[in-house]
Amino acid sequence: MLSPGRTISSRLLRPASWLPFRLCPERTAVNSMQKELIKKHELEKDELRPLYMDFQATTPMDPRVLDAMLPYQVNYYGNPHSRTHAYGWESETAMETARKQVADLIGADPREIIFTSGATESNNMAIKGVARFYQAKKRHVITTQTEHKCVLDSCRILEAEGFEVTYLPVQTNGLLDLQLLESSIRPETSLVSVMTVNNEIGVKQPIEEIGQICRSKGVFLHTDAAQAVGKIPISVSDWKVDLMSISGHKIYGPKGVGALYVRRRPRVRLEPLQSGGGQERGLRSGTVPTPLAVGLGAACSISQKEMEYDHQRVSMLANRLVQKIMSEIPDVVMNGDPEQRYPGCINLSFAYVEGESLLMALKDVALSSGSACTSASLEPSYVLRAIGADEDLAHSSIRFGIGRFTTEQEVDYTAEKCIQHVRRLREMSPLWEMVQEGIDLKSIKWTQH
C-alpha cells in the first residue's frame, strides 16, 4: 500500500481503461485506425442492430410524419412559389399549413416562422443577421460558454469582424447566473443568445426570466430551442423571446429542415445570409422543400398533441435508468442540475472509467460520450469543463438519450450492461484499487518516464 504524497510512475499504473489525456500523434493515429476497423467490422456483421439510446443526436422519424410527407414526394411535386397553376397552389397551401403547425407549437404567428435547413442555419441566421443589421449602433453580443458549437462559432466569426462577444460562464449546475447576465448587458449590446435545453447535459435555462431582463434592457433574445421544442411547453410571448431556432430531426421529423422564429412586434430585423428570389420574407432565399416542410409541420402537430404523455413517459423511463445504475454502482455523478432539466437527456460520469472504453464495451447500445474525443484530440467536453467537472470525471461521462419510442426493456438492458461493464473496467483499473484502499488520488504526484 502506498502512502499519500508519494511519487508514482504513471507508466506503470495507468490501466488500459484509463487512457492518458494527451496522446502522441502516432498513438492517436493508431487509435483512429482501430476505431475505423471496429466500425467497419460492426457494419459488415449481419447481426441485430444496437439499441438506440442517443435521442439528443437525432430521433427516428415518426411513421405518421412519413405518411404526411409521401404525397408531396410523389404526386404533389409543384414548386410552392409557382403562382400560376394548381401544382404551385397545392404545394403552397401545404407549406402554409405546416408553417401554422410550427407556429402553434410555440405560440407564434405563422408569419413569424421562417423555414430553414435546420437549427444550425437558424442559429447562424439569428446571430450573424441581427448583429450585422444593428452594427452601426450596437456591436456587442452575449452568449454562454455551454452553447452549441454553431452558436459559438458564429460568435467567433463576429469577433473576427470586429464585434465584441461576452461568453458568460455557467454555475456548477449548468444554469446561468441571472445577475451576471444583467450586469453584462451594455447600451451597445444588440443580442443575447442562450440555449433553452442543453444538448449534452439536459439543463433547462430560465428563458422566461432571461427574456424579462432582455426586454427591460431593450436587447433582443435568441434561444436555440432545438432540444426543447415539442418536448416542453413553450410560449414565445410569455418568454419574451425574439428569435428561436427549431430543428426537424430532433422532434421525430425529417432531417434537412428546421425553422427560425423571428418576432414581428416589436419587430426584429436581420441581414439575410443568402441572396436570391426573396422567399421567406426575403430572409432565406431559395425554394422551400415542400415535403420537408410538411414533415416538420406534422412532427410539430404530433408533438403538441402528445407532449404531456411523452414527457411523463420519458420521465418515468429516465428515473428507472438512473435509479437502476446508481443503486448498483458507487461513484456515479449526474452532470447538470437535477431539477431544472429535460429528463430525456441524462449525462452520467463513472469515476475511474474512461468514457471511450465504456462506449466500446457497450457496442450493442447506441450511446454517445460526453467527452468530445476525435482522432486528433482527447480533450474533455467543453460543456463539462464549463460546469467545473474534474478532468477525470469529464473523460468518464456518457450521455443517455431517451425518447418517444424507447421501451422499458431497452432501459433495463442498458442499465444492466452498463453496470456489468463499469464493474469490469474498474476491476482492471489500479486507480480503483487504490481508492478502495483509501488512497487519495489527488494527493499523488504523477511523473512521466
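For Ala366, the residues 5 or more places off, or on other chains, whose built amide H falls under 5 Å of its own are Leu51, Tyr52, Met53. Here the relative contact order of region 305-408, from alpha carbon pairs under 8 Å that lie six or more residues apart, stands at 32 percent. Of the GluC sites (Glu not before Pro) found in region 39-130, the ones in coil according to DSSP and having at most 12 other Cβ atoms within 10 Å of their Cβ are Glu47. For Thr120, the shell of other residues with beta-carbons less than 14 Å away shows a net charge of +1, using +1 for Lys and Arg and -1 for Asp and Glu.
Quick one: length gained pulling Val74 to Gln304 fully straight, 0.36 nm per residue minus the C-alpha distance? Intermediate values should be presented prior to the final figure.
Values: separation 230, 0.36 × 230 = 82.80 nm, distance 2.73 nm.
Taking Val74 through Gln304 to full extension adds about 80.1 nm, to one decimal.
Taking 21 Å as the limit for the C-alpha separation, the pairs Lys149/Lys204; Lys204/Lys255; Lys137/Lys240; Lys204/Lys231 exceed it in the case of Lys204/Lys255; Lys137/Lys240. Per residue, the chain exposes 46 Å² of accessible surface when a 1.4 Å probe is rolled over the protein heavy atoms with every protein chain present.
When the Cα positions of Asn173, Gly88, Met244 are compared along the charge dipole of region 63-302, Gly88 comes out farthest toward the positive end, with charges on each C-beta of Lys, Arg, Asp and Glu. Each Cα pair under 8 Å and six or more residues apart adds its sequence gap; the mean of these over the residue count of region 63-302 is a relative contact order of 28 percent. Projecting the Cα positions of Tyr382, Pro187, Asn79 onto the charge dipole of the chain (unit charges on Cβ atoms of Lys, Arg, Asp and Glu, taken about the Cα centre) puts Pro187 furthest along the positive direction.
For Arg156, neighbours were defined as the other residues whose beta-carbon sits under 14 Å from its Cβ, and their charges (Lys and Arg +1, Asp and Glu -1) total -3. Note on Lys324: aspartates and glutamates with a C-alpha under 15 Å away, same-chain residues under 8 apart excluded, are Glu408, Glu410, Asp412, Glu416. Roughly how many percent of the accessible protein surface of region 63-302 is carbon and sulfur, given a 1.4 Å probe and a whole-percent answer? The computed percentage sits at 50. Counting heavy atoms of the protein chains alone, His421 has an accessible area of about 20 Å² for a 1.4 Å probe.
Measuring with a 1.4 angstrom probe and ignoring ligands and nucleic acids, Glu416 comes out at about 110 Å² accessible.
For the chain, the Cβ-based charge dipole about the Cα centre amounts to some 1040 debye (Lys, Arg positive; Asp, Glu negative; other atoms uncharged).
Region 315-369 and region 155-169 have Cα centres separated by 34 Å. With the helix formula -39500 (n - 2.57) applied to DSSP H stretches of n ≥ 4, the chain reaches a computed 222 nm mean residue ellipticity of -13000 deg cm²/dmol. Summing +1 for each Lys or Arg and -1 for each Asp or Glu among the other residues whose beta-carbon sits under 12 angstrom from that of Asp238 gives 0. Dividing the convex hull volume of the alpha carbon atoms of the chain by its residue count gives 167 Å³ per residue. Averaging Cα coordinates gives a centre for region 179-241 and one for region 418-435; these two points are 41 Å apart.
Only lysines eight or more places from Lys35 in sequence, or on another chain, were considered; those with a Cα closer than 22 Å are Lys45, Lys363, Lys417. Basic side chains Lys and Arg get +1 at the Cβ, acidic Asp and Glu get -1 at the Cβ, and with that the dipole of region 276-377 about its Cα centre reaches some 380 debye.
When only the Cβ of Lys, Arg, Asp and Glu is charged (+1, +1, -1, -1), the dipole of region 63-302 relative to its Cα centre reaches about 460 debye.
When you restrict to C-alpha pairs under 8 Å that are six or more residues apart and normalise by the size of the chain, the relative contact order lands at 24 percent. Among Arg111, Arg265, Arg424, the sequence by solvent-accessible area, most first, with a 1.4 Å probe is Arg265, Arg111, Arg424.
The values are calculated or read from the model by the stated rules, or taken from the named source; none is laboratory data. All figures in this text were calculated on a predicted structure; none of them were measured in a lab. Glycine also receives a Cβ, built like all others from the backbone with ideal geometry; neighbour counts cover every protein chain displayed. To get the accessible areas, we keep the full protein, side chains included, count just its heavy atoms, and leave off ligands, DNA and RNA. Shrake-Rupley method; radii C 1.70, N 1.55, O 1.52, S 1.80 Å.
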